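Below is one structure, written out as structure tokens, with a few remarks after it.
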Amino acid sequence: MEATRDWLRGVLGPYHHRDRVFRDADTVLVNFNGLAPKTDTYTHEDGRTVVLLCLHGTIPIKFRGVTYNIPIAAWVPYTYPAQPPICFVTPTSSMLVRASKHVDLSGKIYHPYLAYWHMNSEESNILQFMRTLQEIFALEPPVYTKPNNPNPPSATPSTYPPPGYANTTQPVGGSPQPYPNVNRQNYAQASVNYYPQQTQQQLNMPDPRRHSTPPPGAQPPPVPPPPSYVLTGRAGSPHQQPLPHRSQSTPPPPIPAKPLAAALDGQAYQSALDERAAKLNALREAVKDRLRHRQRELNAAIPADIERLLLVNRRLTEGETAISEMIQKLGQEEANVKNNIELLQQKNKELSESIDALRQQPDVNVDDVIGGSTVVYNQLYELVAEDHAIDDALYYLGKALDAEKIESAAFLKNVRSLAREQFMKRALIKKIRQHAGLTDTI
């Protein structure tokens with residue numbers, strides 16, 4: 001395995017994403033032992049030829065409880081994983097390709113996994129596609145065993161091809177001659193052996209078109225040999241091309257007569273088809289009824305839903321208008337707050353400057369600030385203060401007399417004493433003011 005990996009690394013030089021190609025190819029080889037790598041020339045449909053990595057061999061499937069090996073070949077383009085691999089069914093000499101919706105007559109494989117590969121190229125890989133092929137081939141095998149060709153008896157002058165091939169031929173040196181129509185269903189049912197035989201080297205796959213086995217003793221009619229084919233064109237994609245036909249001197253096989261077993265099988269097959277068609281019609285009608293019922297429910301629910309959505313739309317519109325107004329008001333308030341913040345910062349700055357200026361000034365004595373600048377002014381301050389104090393004392397003595405807290409004799413005595421003292425202080429105040437040149441307010 002290591003030698004194979006070393007070889008695989010050595011041949012991936014032209015690839016754009018060598019690590020991804022190596023990883024995916026190695027994963028496929030590990031999971032499918034029947035596949036092996038090689039490099040070979042691949043011819044595109046436009047005639048271009050390139051040397052590509054090819055994973056060829058067989059993949060196992062289970063069909064009707066029996067394991068078969070399907071021969072395939074997967075070509076990896078240089079731009080992988082941007083482009084999907086190109087896959088073919090490669091039948092052996094004892095097999096024929098059965099055309100289906102996933103495989104054409106040339107063996108090329110078609111599948112939605114490849115068609116939509118580019119939509120998720122990073123997640124798509126060859127291993128997943130191989131497993132997908134196992135699933136679809138288990139339901140519809142792409143190959144079947146080539147029928148045995150007994151020696152044809154003496155024939156009529158006309159030549160008839162087997163079903164599924166060209167309906168005209170041109171003998172050597174002759175002109176085109178049409179072939180009559182052949183019943184393909186009876187022809188295939190009467191001529192194909194359905195018993196699968198499998199070896200480790202090749203697959204003998206039964207023709208999936210057969211659904212019943214001929215009864216004992218029924219001998220199938222002679223089978224016309226299918227045309228021989230040679231492989232031409234691109235590698236891994238065989239172009240089926242018939243060899244030159246025999247001349248008219250060789251007697252062709254006659255049209256096979258329809259035996260009793262084939263007729264019975266045809267009737268059973270037609271009955272099965274009719275039964276299946278009846279079931280499909282019943283299922284189709286049931287689906288139509290369910291769709292109509294669902295449509296009526298939707299038609300009944302749509303008006304209410306539309307009204308509800310319109311109401312929600314109106315509310316959303318009103319809410320949008322209210323939100324727009326609120327956003328505008330908030331913008332104005334934000335502008336006002338910003339202006340107030342700027343004003344507050346300016347006042348804080350001025351206050352800080354004033355505080356710094358006051359801290360730089362020297363300390364002041366309170367007595368010096370309140371007192372006068374001369375002795376006369378200081379005497380005036382004291383006399384004015386004592387005059388007001390005497391006014392207050394006279395007021396409270398009157399209150400005490402009204403409340404009968406003191407006797408009238410004591411009241412008169414104190415009033416007389418305070419009035420005499422107040423008179424002397426006021427006279428002195430008047431004299432000091434006249435001396436100082438102050439206005440007389442008493």
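The values are calculated or read from the model by the stated rules, or taken from the named source; none is laboratory data. Just so it is clear, the structure is predicted and the values come from calculations on it, not from any experiment. Cβ sites come from the backbone with ideal geometry, for glycine too, and all protein chains shown count toward neighbours. The area values use the complete protein model at the heavy-atom level, side chains included, leaving out ligands, DNA and RNA. Shrake-Rupley method; radii C 1.70, N 1.55, O 1.52, S 1.80 Å.
Observations on the structure shown:
- Residue count for the range 414-430, restricted to those that are basic (Lys, Arg) and surrounded by 11 or more Cβ atoms within 10 Å (Cβ to Cβ): 3
- Residue tally, condition surrounded by fewer than 17 Cβ atoms within 10 Å (Cβ to Cβ) and in contact with a strand residue (DSSP E or B) (Cβ under 7 Å, 6 or more places away or on another chain), over the range 20-37: 2
- Unique residue being open to solvent by 100 Å² or more (accessible area, probe 1.4 Å) and of a type in the set (A, V, I, L, M, F, W, C) when the list is Leu330, Leu311, Leu280, Leu316: Leu316
- Scanning the range 38-92 for residues that are over 33 Å from the mean Cα position of the chain (by Cα), open to solvent by 40 Å² or more (accessible area, probe 1.4 Å) and hydrophobic (A, V, I, L, M, F, W, C) gives Val51, Val66.
- Test: residue in the range 390-402 that is touching a Gly at 6+ places or on another chain (Cβ under 9 Å), assigned to a helix (DSSP H, G or I) and without any contact (Cβ under 8 Å) to a residue 60 or more places away in the chain: no
- Residue check for Glu382: modelled with pLDDT under 90, open to solvent by 70 Å² or more (accessible area, probe 1.4 Å), charged (D, E, K, R) and over 25 Å from Lys425 (Cα atoms): no
- Restricting the first member to the range 11-22 and to residues that are in contact (Cβ under 8 Å) with a residue 40 or more places away in the chain and of a type in the set (Lys, Arg), and the second to residues that are surrounded by 15 or more Cβ atoms within 10 Å (Cβ to Cβ) and assigned to a loop (DSSP other than H, G, I, E, B), the beta-carbon pairs closer than 9 Å and six or more apart or on different chains are Arg20/Tyr80; Arg20/Pro81; Arg20/Asn125.
Condition check ((1) assigned to a strand (DSSP E or B); (2) in contact with a Leu (Cβ under 8 Å, 6 or more places away or on another chain); (3) within 21 Å of Leu105 (Cα to Cα)) across all residues:
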site	(1), (2), (3)
Tyr42	yes, yes, yes
Asn69	yes, yes, yes
Tyr78	no, yes, no
Pro91	no, no, yes
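- Those residues of the range 107-118 which are open to solvent by 30 Å² or more (accessible area, probe 1.4 Å) and touching a residue at least 40 places away in the same chain (Cβ under 8 Å), in sequence order: Lys108
- Selection status of His44, assigned by the TED database to the domain that holds Gln128 and touching an Asp or Glu at 6+ places or on another chain (Cβ under 9 Å): no
- Of all residues in the range 123-145 being of a type outside the set (Phe, Trp, Tyr) and more than 20 Å from Leu29 (Cα to Cα), the one that is most open to solvent (accessible area, probe 1.4 Å): Leu139
- The residue pairs whose first member lies in the range 366-378 and is under 14 Å from Leu428 (Cα atoms), whose second member is modelled with pLDDT under 80, and whose beta carbons are closer than 6 Å, counting only pairs six or more residues apart or on different chains, are Asn378/Gly371; Asn378/Gly372.
- Some residue of the range 393-406 being at positive phi, among the charged types (D, E, K, R) and either open to solvent by less than 100 Å² (accessible area, probe 1.4 Å) or over 42 Å from the mean Cα position of the chain (by Cα) (or both): yes
- Test: residue in the range 2-19 that is of a type outside the set (A, V, I, L, M), touching a Phe, Trp or Tyr at 6+ places or on another chain (Cβ under 8 Å), open to solvent by less than 30 Å² (accessible area, probe 1.4 Å) and not in a loop (DSSP other than H, G, I, E, B): no
- The condition (being out of contact with any Pro (no Cβ under 9 Å at 6 or more places or on another chain) and of a type in the set (Val, Ile, Thr)) is satisfied by just one residue among Thr4, Thr58, Thr49: Thr49.
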